[in-house]
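My structure is below; once you've seen it, I'll send some questions.
The values are calculated or read from the model by the stated rules, or taken from the named source; none is laboratory data. The model shown is predicted, which means the values in this text are computed figures rather than measured ones. Note: ideal-geometry Cβ built from the backbone for every residue, glycine included; neighbour counts use all protein chains shown. Accessible surface areas use protein heavy atoms only, side chains included; no ligands, DNA or RNA. Shrake-Rupley method; radii C 1.70, N 1.55, O 1.52, S 1.80 Å.
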Amino acid sequence: MNAPQIKFYQTGTFTVGNRLLAPEQRSVQSSSERSNSINSGHRACQGCGEALGARYAVDAAMRATRGQLIAANATGCLEVFSTPYPESSWQLPWIHSLFGNAAAVGTGIAAALKVKALKAGMSESATRVIAQGGDGGTTDIGFGCLSGMFERNDDVLYICYDNEAYMNTGVQRSSATPPAARTATTMAVGVQPGASFGQGKNLPLIAMAHEIPYVATATVADLRDLEAKVERAMSLRGARYLHILVPCPLGWGAASHDTIRLARLARETGIFPVFEAEHGEITSVTKIRHRVPVAEYLKPQKRFAHLFAQPGQPGHPEMLARIQADADKNIRRFKLLDEEVTV
Amino acid sequence: MKDARPFAITLDPGSSLANKTGSWRTERPVYVDRLPPCNAQCPAGEDIQGWLFHAESGAYEAAWRHLTRDNPFPATMGRVCYHSCEGACNRGQLDAAVGINSVERFLGDEALKQGWQFAPPADESGKHVLVVGAGPSGMSAAYQLRRLGHRVTVLEAGPMLGGMMRFGIPKYRLPREVLEAELQRIVAMGVQVKLNCKVSDLAETMRIGGYDAAFLAVGAHIAKRAFIPAKDGAHILDAVALLRSMEGAERPMLGRRVVVYGGGNTAIDVARTAKRLGATEAIIVYRRTRAQMPAHDLEVEEALEEGVMVKWLSTIKHASEGALMIEKMTLDAQGRPQPTGEFEMLEADSLVLALGQDVDLSLLDRVPGLAVQDGVVQVDPATMMTGHAGIFAGGDMVPAERNVTVAVGHGKKAARNIDAWLRGHALNRPPKHEPASFERLNPWYYSDAPKTMRPQLDLARRSSSFDEVQGGLTAENALFEARRCLSCGNCFECDNCYGVCPDNAVIKLGPGQRFEFNYDYCKGCGMCAAECPCGAIEMRPEQV
């Protein structure tokens, strides 16, 4: 990680920027020169985590490539709220085709750029490509295209904005929906309410299994970390994958001002491990700073309300315990706590 | 026209900027400034967060100038102030309070080292103000009045400037060269000082001098007495006289066993002084328990470290040569000490009474309209004006807690009101901001940074000399300490609101200019307010 080392908040930073920081140490998002890749007036909901995550990532990629960037975009909230015909919020060349083929479209653009570069007598193109989609378009519908892109090691950074369901079409379960979560298709009814346990796909690990040059996870709660990972990704060639957790106030049933807090809690509980890997090997993890129990993360979300006891309802402490066990497993598996935990 | 667009394209391309999504909003974020607890707490009314802000970037002179707008004695305050600001500091709820006092002292010392001076006033008002007493309150008022362009004459009964700062605070807490330098800096602004000039009749003095207004700060220099039956040969003195005699060439003779009667800061000062004068034992006799002791806890702690002993729940019944009769006390249900009838003898070469001080108010005898109650002058707490128009008072001679910081605050407040009174207009004070409480902060963004402690003199050297006990910070750790400030309630330009807005509805105005909201696009999600580390954004319901 090349994020500046932090001693305390006013000189280093847990904040986006700081008046005491040298300009070269400031984050992309603190700069009034940022490319502002998704402009104002987009129709994302109040407090949309995906709008944030996309702006952070694309702005950082824009800086890393000096604005020489093309984006392919899968169908999903990101596409719908930013480009209702004939308007666009995007401040870069941007293409949308189908729900499932963003990785393939990105691959095609990268191939075309390479040909153009070769014809111009250069070994590789200065213009770079990103492909982006939500968790539905990535883990389900676009999974085949994505796996192919990984397998061929195409020079594309694929960014998945994970809000853990098909939010655009009305909060249906995706293969990234966490266990026990209520969605429109996994209602909070029956003996095992919400999405069932043990079905989710862990795409970062699947991407690692392709042994591609770079795989990382990030959240919208840690901007400098996210930007550093985009920069690292853009410094490499070949297939790269970045998985960003982007809370969805509407789908998660959370307050719009809690988006970043929830992303932070997801990391601090261990539910969402933040790490990076190169060629299938984990190279760094972001340690938990103040560990909290998962209940603190789940409680502000209505999609998990049925887990907690309410008047006339006993709740599901056993499911809560299983989620806690999953978080604990992540903590062990990725060594998320400072003290080394042996299994 | 219809052929101008490509196949199947019916509309011209547009930008999302056409959507004024601000119309979705039900609450709007508003930037606010709040009153940080340190500033709210400071009896001298220092803008602590304001001067720390400069210190954070290493702009020590700017910090010192900002600080001295309210208090001309930072090097002194950094040594003798009881820094109740640190008790109020929100950072105390995270790890440890910011070392405000040590940074203040650093700035004060730095100013002395660099020779920074106060600028004389730009304009002369033509008015002449009398200040009686050259203690902290009087000199603070003289400084502020001079800054406001008035001619100031300070009349001081004693032989030196400083009042109780010099005659009441031992050298090991406040080296005299530091005090003198800070006082001389005020004199250098053009404040006239007359020493050994006791005002015995204020009305007459004002008439002869042609003064337009007066500020009285004569201090409380008369020791309170308690009747203790004593035989011939009992060596009894009072604390005020003892501490004052420390300023002379002759060291007072106290003997090897010194008993101090009282429980305030003065009692502690005397006991520690006695130790330094060579007493093998310094014993404080106090009627109540430690919890009820009015002396500052930090000083009690230091005194105990130095070997000062305390007889709690004890009173002195009788004194004779070489011995005191002590009666044990007990606390009743109301916490008041009651005699028990149990006695014991305590060997003592001398007894020092530190039972509080009174004010000599004889100078006011011929001034009409003054109200005196419980030995102090009554003033309007909003203006510090006494019952007689144009005569103001402050410091130990008015009802208040008696310490240097309070006195300095009185001087400043009085000076501003004297100025308003002289110019014939009411003092316009902007309303105070809402408090910046800990609950409004988002402490996640503050990383862990333990407090930097000041070095302390070794015990052995402490109790054998009058060398200063507390050391100062270095430039480096002063910077560290200043940067621990959370800037509670006031934007410090961390860019969080700008960074976390999903709608790009925060406009960054540039260094020192803070931010603005673009309400055309702000959807009112509240993320900026939730993620503001210092609580400087408030969500207000949208007016429909």
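Using just the C-alpha positions of the stretch B:256-296 as equal point scatterers, what log10 of I(q)/I(0) does the Debye formula give at each q in 0.25, 0.27 1/Å?
Values returned for q = 0.25, 0.27 Å⁻¹ are -0.77, -0.85.
Helix A:143-152: angle to the longest alpha-carbon principal axis of chain A, degrees 0 to 90, nearest 10?
50 degrees
What figure, in Å² to the nearest 10, do you get for the accessible area of B:ASP12 with a 1.4 Å probe and non-protein molecules left out?
100 Å²
Within 10 Å of each Cβ in B:512-521, how many Cβ atoms from other chains are there, averaged over the peptide?
Averaged over the peptide's residues, the number is 1.
For B:ALA348, what is the net charge nearby, where nearby means another residue's Cβ is under 10 Å from its Cβ and Lys, Arg count +1, Asp, Glu -1? List each step's numbers first, then the result.
Values: positive: B:ARG256, B:ARG257; negative: B:GLU281, B:GLU321, B:GLU347, B:ASP349.
Combined, the nearby Lys, Arg, Asp and Glu give -2.
Further, regarding this structure: Taking each residue in A:27-33, count the Cβ atoms of any other chain within 10 Å of its Cβ, then average. What number comes out?
Shielding by partners across A:27-33 averages 4.
Tell me the net charge near A:ALA221. Cut-off is 10 Å between Cβ atoms, A:ALA221 excluded, with +1 for each Lys or Arg and -1 for each Asp or Glu.
Within the 10 Å Cβ shell, the charges total -1.
Okay, next question. How many Lys pairs in the stretch A:29-334 lie less than 27 angstrom apart by Cα atoms, where the lysines are 8 or more positions apart or on different chains?
Going through the stretch A:29-334 pair by pair, I get 12.
How would you rank B:516-523, B:370-377, B:37-44, B:135-142, highest first, on the average number of other Cβ atoms within 10 Å across their residues?
Most protected by this proxy first, the peptides run B:135-142, B:37-44, B:516-523, B:370-377.
Lysines near B:LYS413 by alpha-carbon distance under 22 Å, same-chain residues fewer than 8 away left out - which ones?
Reachable lysines: B:LYS127, B:LYS432.
Under the Kirkwood approximation for Rh and a Cα-based Rg, what ratio Rg/Rh is obtained for the stretch A:29-334?
Details: Rg = 19.0 Å, Rh = 19.6 Å.
For the stretch A:29-334, the value is 0.97.
Report the per residue volume, in Å³, of the convex hull enclosing the C-alpha atoms of the protein assembly as shown.
248 Å³
Continuing with the same structure: Nearest 100 Å², what total accessible surface is buried between chain B and chain A (probe 1.4 Å)?
4300 Å²
Follow-up question, since we're still on this one. So what does A:ARG333 come to for accessible area, using a 1.4 Å probe and Å² rounded to 10?
Approximately 130 Å² for this residue.
Here is a follow-up. Evaluate the Debye formula for the stretch B:191-253 with equal point scatterers sitting on the alpha carbons, no solvent, and hand back log10 of I(q)/I(0) at q = 0.15, 0.20, 0.25, 0.26 Å⁻¹, in q order, two decimals.
-0.75, -0.97, -1.20, -1.24
With a 1.4 Å probe and every protein chain left in place, tell me how much accessible area A:ASP258 has, in Å² to the nearest 10.
Taking all protein chains as shown, A:ASP258 has close to 20 Å².
Same structure, new question: With everything on Cα atoms, drop me the angle between helix A:223-234 and the longest principal axis of chain A, reported from 0 to 90° to the nearest 10.
40 degrees
Separate question: Below 14 angstrom from the Cβ of B:ARG272, what's the summed charge of the other residues (Lys, Arg +1; Asp, Glu -1)?
-3
When the Debye formula is applied to the Cα atoms of the stretch B:432-490, each taken as the same point scatterer, what base-10 log of I(q)/I(0) results at q = 0.12, 0.22, 0.25 Å⁻¹?
Listed by q, the Debye log ratios stand at -0.51, -0.91, -1.03.
Oh, and also: On the first, second and third principal axes, largest extent first, how far apart are the outermost C-alpha atoms of the stretch B:224-356 in Å?
Between the extreme Cα coordinates on each principal axis of the stretch B:224-356 lie 48, 37, 25 Å.
Using only the alpha carbons of the stretch B:133-181, determine the length spanned along each of the three principal axes and report them from longest to shortest in whole angstroms.
36, 20, 14
Could you work out the mean count of beta carbons from other protein chains within 10 Å of each residue's beta carbon in A:76-87?
Mean shielding by partner chains, rounded to a whole number: 2.
Measuring from the lowest to the highest alpha carbon on each principal axis, how far does the stretch A:281-343 reach, largest first, in angstroms?
47, 21, 20
Can you tell me which lysines have their Cα less than 23 Å from the Cα of B:LYS20? Leave out same-chain residues fewer than eight positions away.
Candidates past the 8-residue exclusion: B:LYS508, B:LYS523.
Compute the acute angle (0 to 90°) between the alpha-carbon long axis of helix A:102-119 and the principal axis of greatest extent of the alpha-carbon atoms of chain A; round to the nearest 10°.
Approximately 20 degrees, to the nearest 10.
Follow-up. Can you tell me the convex hull volume per residue for chain B, based on C-alpha atoms, in Å³ to the nearest whole number?
221 Å³
Related question: Please find the FRET efficiency linking A:GLN172 to A:ALA309, where r is the Cβ-Cβ separation and R0 is fixed at 22 Å, and quote it to the nearest 0.05.
0.20
For the protein assembly as shown, with every protein chain kept in place, what is the accessible area per residue (1.4 Å probe, Å²)?
41 Å²
Hey, can you list the DSSP H helices of chain B whose Cα span along the axis is 15 Å or longer and whose average Kyte-Doolittle score is at least -0.5?
B:100-114, B:176-187, B:404-423
When N counts the residues of the stretch B:416-544, how does its alpha-carbon radius of gyration compare numerically with 2.2 N^0.38 Å, as a ratio? Mind showing how you got there, number by number?
Values: Rg = 22.5 Å, N = 129, 2.2 N^0.38 = 13.9 Å.
It is 1.61.
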